[in-house]
Amino acid sequence: MKLNQIADKPGARKKRMRIGRGIGSGMGKTGGRGGKGQTARSGVRIKGFEGGQMPLHRRLPKRGFRNTPFAVRLNEINLGKIQTAVDAGLIDPKSPVDAAVMVKAGLMRREKGGVKLLGEGELKSKIDFSVWRASKSAIAAVEKAGGTVKILAPAKEEDAEPKGKNKRRALEAIKGGDKPKGGKPKAEAEGEAPKAE
């Protein structure tokens, strides 16, 4: 078998239909666009047009929050890849390893917001890492090999007191315990005898 002998199975590649190539082609004259008018043109918005009044999708309120523009974009890298780079002599295990060192070694194209260290693969070298984040398995593997992991991401500050819905629930719990949702309390419901008709 040679490369020039490899072919798709019969019927796998289908020729596209050529529109507007004569009445006998099956897609001639109007080319599947029906008659004249707005629907025969490009850029038609009939299904989303409401006669000029404000469309429904613009009348509805916006809800929620998306963190996309503010999210920290990280490079994810496994310990196995770093060990391969150490074995190839691209990374010196005696000096601290951070995002700049990994970029220089060719493990990633750019630093972005930082590096997240993941625990897949085996790490044999003793390395001191300085990364934005690291998984628990990665930290355990690095420490097992005799290295250290310095986390650069700021620690999340936990609120001293609950806010919003959690605050309301906490106050309810202090006042008189959680009330069962809907209907009567369970104890009362069990004590009631069924009514005779």
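The values are calculated or read from the model by the stated rules, or taken from the named source; none is laboratory data. This is a predicted model, so every value here is computed, not measured. A quick note on method: Cβ atoms are made from the backbone with ideal geometry, for glycine too, and the neighbour counts reach across all protein chains shown. For the accessible areas, the whole protein counts, side chains as well, though only heavy atoms, and no ligand, DNA or RNA atoms are used. Shrake-Rupley method; radii C 1.70, N 1.55, O 1.52, S 1.80 Å.
Only one residue of VAL97, PRO69, THR84 has its Cα farthest out toward the positive end of the dipole of the chain, where Lys and Arg carry +1 and Asp and Glu -1 on Cβ, and that residue is PRO69. Scanning the chain for chymotrypsin sites (Phe, Trp or Tyr not before Pro) lying in DSSP loops with no more than 14 further Cβ atoms inside 10 Å, the longest uninterrupted stretch between such sites is 66-197.
Measuring between alpha carbons in the structure, the pairs from LYS112/LYS150; LYS62/LYS163; LYS81/LYS112; LYS14/LYS47 lying more than 26 angstrom apart are LYS14/LYS47. Relative contact order of the chain, taken over Cα pairs closer than 8 Å and 6 or more residues apart, is 12 percent. The mean sequence distance of close C-alpha pairs (under 8 Å, at least 6 residues apart), as a share of the length of segment 95-179, puts its relative contact order at 22 percent. When both segment 73-121 and segment 42-71 are represented by their alpha-carbon centers, they are found 43 Å apart.
At a probe radius of 1.4 angstrom, the accessible area of segment 1-52 per residue rounds to 103 square angstrom. Using helices alone, I'd like the mean residue ellipticity at 222 nm for the chain: each DSSP H run of four-plus residues gives -39500 (n - 2.57), total over residue count, nearest 500. Calculated at 222 nm, the ellipticity per residue is -6500 deg cm²/dmol. Residues ASP8, ASP128 ordered from highest to lowest accessible area at a 1.4 Å probe: ASP8, ASP128.
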